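The values are calculated or read from the model by the stated rules, or taken from the named source; none is laboratory data. Quick caveat, the model's predicted, so the values are computed rather than measured. Methodologically, a virtual Cβ is constructed for each residue, glycine included, from the backbone with ideal geometry; neighbour enumeration extends over all protein chains shown. In case anyone asks, the SASA skips ligands and DNA or RNA and just uses the protein heavy atoms, side chains included. Shrake-Rupley method; radii C 1.70, N 1.55, O 1.52, S 1.80 Å.
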Amino acid sequence: MKLVQVLIEYANYSLDRPFSYIYKGSKKIDVGFRVLLSFNNRELVGYVVALEDTDKSLEEIEAETGFKIGEIIDVIDESPLLSEDLLSLADEVADYYIAPKISVLQCMLPPSLSPRKSSLKAPKIAYDLYVRSIDESEHGLTDKQIELLRLISSVDQVLKREIKQVSVLDKLIERGKVEVFKVEKRRLAIPNYEYKEPPALTDEQKAVVNQFNNSNDRVYLLEGVTGSGKTEVYLSLSEQVLKEGKSVLMLVPEISLTPMMMEYFIRRFKGNVAILHSELTPGEKYDEYRKIAKGDCKVVIGARSAIFAPLDNIGLIILDEEHVESYKQDTVPFYHAREVAIMRAKKHNAKVILGSATPSLESRARAQKNVYHLLLLNKRINKQELPETTIINLSDYRNIDRDSYIFSKQLREATENVLARGEQAILLINRRGFSTSVSCRKCGHIFKCPTCDIPLTYHKTDNMLKCHHCDYVCTMPEECPECFSKYIMKTGFGTERIEEEVNRLFPEARTLRLDSDSAKIRAKIPSIIEAFRQKKADILIGTQMIAKGHDFPDVTLVGIVLADIGLSMPSYRSNERAFQLITQAVGRSGRKDKKGIAIIQTYNPTNYAITMAARQNYELFYQKEMNYRRMQSYPPYTYLASITLAGKREDNVIFGMTNIIDILNKEFGDNGQILGPTVPYIPYEKDNYLRTALVKFKDYKLAKEILKKIVSLYSGKSQFHLTINIDPYNF
């Protein structure tokens, strides 16, 4: 009999410890296996973290532990799911982010292998059935049997389903002339791009590669203006690493960027690439994960969770557009792919490249202190000048087009000129939907999400009101639920409204829209991007998905329809986000041999994030924003941790959070600053009231011990649900 320690699949603090079970079965069982068990009268999946043989009886074990010991129902796996490297990484991530270990393990594994009950119904290995000849002698066969046998013998193997003469095939199988065998099927069809000879590196690119090769530093920040050829540096360094027999992990922040980066890497490293991101089906993820784990490829391209890909002997980890916030997970375990990449690189003695035209302030500050090695690409690869940028003040009536409250005179004229020249334009507004707020004109009632208590957005395409936080939807009502008035008012605008306005003002123009609504059908993202690249449309309208990384040679105009979106958000990062988005968007214009222009429409024409983004002046923005961060004691001058308490009763939650703040003030003393309790932007979620507190500190080790005390005090209280987010992005 074996005494087994398992983690339960529920990812909360109160269950973040091993539970003891016994196993009497004959199947192989070891650390890293999933097991089926009963917990609190529910059948769940557990993950084995320790086990030992024992001669003691169940009664003796229960007497020693003081607990009733359950029995494992079944062993699910035949081998450990994770390598020692990844198990060690899971411990490090769980410890740094003060997260339940099972939540990290669930992030690491695809749905089919995850330590969850749902994994038992997830797709497993898929096979194709093939037929091959094993005896070519034709004695005693009919003419039809001889014909089919000769056909099969003429090729190495043939798909069984392609053979139409089923009865004839059955006879050949029966007589031992042919055999049926299984071949594992890949459900993800990776395009068969032709190899493309790499372009010669520019002098600036060569200098960056040489600096990288001649340094023993662990982490490198590659800061390069938009269009400076960062991708070719990634490819060149990856080629070097692969020649050394090591593997490469290439991360991109947005799924929309994956197809383009995938094409670059497949062309260069054909047959040696795997893809991992959240838009793959469970079956595709399972196949790609197994392909990587078996060592069938040496290059993995993916979004945030690909940082946990089961690659061996990693030599290089790349994070493209490292500043993008999607690298930070917004649910437990709240990890940041950049920090996990550095943890993992240390275990493999690998190097990390963080690439961006607008690095996060944390990364740039670390580079300034030589914690990261700074590499610079200051020129566009074709020596083309940066776009000529104009800021349009929407508060000045002289700029307003009488025929449109969305387009200024300048943006409309510029769009007309681009269309007349047969070139392309990108119009960006970082807000999807048609109208951003719907209210009753008579009584003032605002239509809000019943789950999150934030205003719903109207989507004209399907005549629905939608919550952009929890995905709640409802049909657009015909009357107010409060006063029954039929005077419903829609205000604000998003991508759908821009698209309608473009179609009205420029009826001859062909348009495409790319936002998270149009991209809900997974094949649409690459098809929309490729259609625009192939000039099947004149104007691309979209959210931030179109602002990063894309290379459209015929785009000579970028119009930012409303640059103010996000500036009023209650976050210390609001200016940084605006600067990065505007800079990245402007950089899509004039990337080849044609001069580009950019027009930025705003009600805040003097805001430094907007003016410096228009000038593409990262250095000046960095200095000004760092002064603000220093005065306000925000990162990179301090660490942050947010604490959120949720519960069914609002008075309980307020009392609980007030008590937590008292404890924090007492424990931290002068070593930290506690802000709160505050009502978060999403004040009510999943039938729970929320309150948050923010802790600023400089001593991470001290803070971790204090925060773990809070966890131990509150994790066992059933009326509360506690979460801790280390290095939060949205506060």
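Brief remarks on what is shown
- The lone exception for Val555 - which of (1) within 25 Å of Tyr622 (Cβ to Cβ); (2) among the hydrophobic types (A, V, I, L, M, F, W, C); (3) open to solvent by less than 10 Å² (accessible area, probe 1.4 Å) it fails: (1)
- Looking only at the range 184-200, residues that are surrounded by 11 or more Cβ atoms within 10 Å (Cβ to Cβ) and of a type in the set (A, V, I, L, M) come to 2 in all.
- Residue satisfying all of: in the range 647-699; in contact with a strand residue (DSSP E or B) (Cβ under 7 Å, 6 or more places away or on another chain) and polar (S, T, N, Q); surrounded by the most Cβ atoms within 10 Å (Cβ to Cβ) among these: Thr692
- Scan the range 201-245 for residues that are part of a loop (DSSP other than H, G, I, E, B), open to solvent by 20 Å² or more (accessible area, probe 1.4 Å) and polar (S, T, N, Q) and the total you get is 3.
- Filtered residues of the range 42-65 (kept if free of Cβ contacts under 8 Å to residues at least 40 places away in the same chain and hydroxyl-bearing (Ser, Thr, Tyr)): Ser57
- Elements of type strands (runs of 3 or more DSSP E) in the range 422-509, at least 2 residues being within 25 Å of the chain's Cα centre (by Cα): 424-428, 457-459
- Among the residues making up the range 1-58, those that are more than 32 Å from the chain's Cα centre (by Cα), open to solvent by 20 Å² or more (accessible area, probe 1.4 Å) and among the aromatic types (Phe, Trp, Tyr) are Phe19, Phe39.
- Thr611 out of contact with any helix residue (DSSP H, G or I) (no Cβ under 7 Å at 6 or more places or on another chain), within 30 Å of Glu496 (Cβ to Cβ), among the hydroxyl-bearing types (Ser, Thr, Tyr) and modelled with pLDDT of 90 or more: yes
- Verdict on Arg364 being surrounded by fewer than 16 Cβ atoms within 10 Å (Cβ to Cβ) and part of a helix (DSSP H, G or I): no
- Looking only at residues of the range 385-430 that are open to solvent by less than 40 Å² (accessible area, probe 1.4 Å) and of a type in the set (Asp, Glu), we find that the one that is nearest to Asn617 (Cα to Cα) is Asp396.
- Of residues in the range 463-473 being open to solvent by 20 Å² or more (accessible area, probe 1.4 Å) and in contact (Cβ under 8 Å) with a residue 24 or more places away in the chain, the one farthest from Gly492 (Cα to Cα): Cys470
- Test: residue in the range 344-356 that is among the charged types (D, E, K, R), more than 22 Å from the chain's Cα centre (by Cα) and open to solvent by less than 60 Å² (accessible area, probe 1.4 Å): no
- Members of the range 260-294 that are assigned to a helix (DSSP H, G or I) and either open to solvent by 30 Å² or more (accessible area, probe 1.4 Å) or aliphatic (A, V, I, L, M) (or both): Met260, Met261, Met262, Glu263, Tyr264, Ile266, Arg267, Pro282, Lys285, Arg290, Ile292, Ala293
- For the condition under 23 Å from Ala99 (Cα atoms) and open to solvent by 40 Å² or more (accessible area, probe 1.4 Å), Thr644 does not qualify.
- Evaluated against (1) modelled with pLDDT of 85 or more; (2) more than 26 Å from the chain's Cα centre (by Cα), Lys592 falls short on exactly one condition, (1).
- Looking only at the range 295-337, and only at residues there that are out of contact with any strand residue (DSSP E or B) (no Cβ under 8 Å at 6 or more places or on another chain) and polar (S, T, N, Q), the one that is most open to solvent (accessible area, probe 1.4 Å): Thr331
- Residue list for the range 78-102, restricted to those being assigned to a loop (DSSP other than H, G, I, E, B) and either surrounded by 18 or more Cβ atoms within 10 Å (Cβ to Cβ) or among the aliphatic types (A, V, I, L, M) (or both): Leu81, Leu82, Tyr97, Ile98, Ala99, Pro100
- Criterion (in contact with a helix residue (DSSP H, G or I) (Cβ under 9 Å, 6 or more places away or on another chain), within 22 Å of Tyr729 (Cβ to Cβ) and modelled with pLDDT of 90 or more) met by exactly one of Thr602, Thr583, Thr511: Thr583
- Among residues of the range 315-354, those that are within 29 Å of Ala11 (Cα to Cα) and either of a type outside the set (Asp, Glu) or assigned to a loop (DSSP other than H, G, I, E, B) (or both), counted: 27
- Among all residues of the range 373-384, there is at least one that is touching a strand residue (DSSP E or B) at 6+ places or on another chain (Cβ under 8 Å), loosely packed, with under 15 Cβ neighbours inside 10 Å and within 21 Å of Gln580 (Cβ to Cβ).
- Taken over the range 145-166, residues that are open to solvent by less than 80 Å² (accessible area, probe 1.4 Å) and either of a type in the set (A, V, I, L, M) or over 15 Å from Leu129 (Cβ atoms) (or both) amount to 11.
- All positions within the range 439-462 that are under 11 Å from Glu496 (Cβ atoms) and open to solvent by 40 Å² or more (accessible area, probe 1.4 Å): Lys460, Thr461, Asp462
- Matching residues, the range 2-31, being in a loop (DSSP other than H, G, I, E, B) and among the charged types (D, E, K, R): Glu9, Asp16, Arg17, Lys24, Lys27, Lys28, Asp30
- Residues that are charged (D, E, K, R), outside any helix (DSSP H, G or I) and over 26 Å from the mean Cα position of the chain (by Cα), drawn from the range 685-729: Asp687, Arg691, Lys696, Lys698, Asp699, Lys717
- Of all residues making up the range 605-622, the number that are farther than 18 Å from Asp564 by Cα and either among the acidic types (Asp, Glu) or free of Cβ contacts under 8 Å to residues at least 40 places away in the same chain (or both): 3
- Helices (runs of 4 or more DSSP H) lying entirely in the range 543-634 (those with 2 or more residues that are under 28 Å from Met262 (Cα atoms)): 574-586
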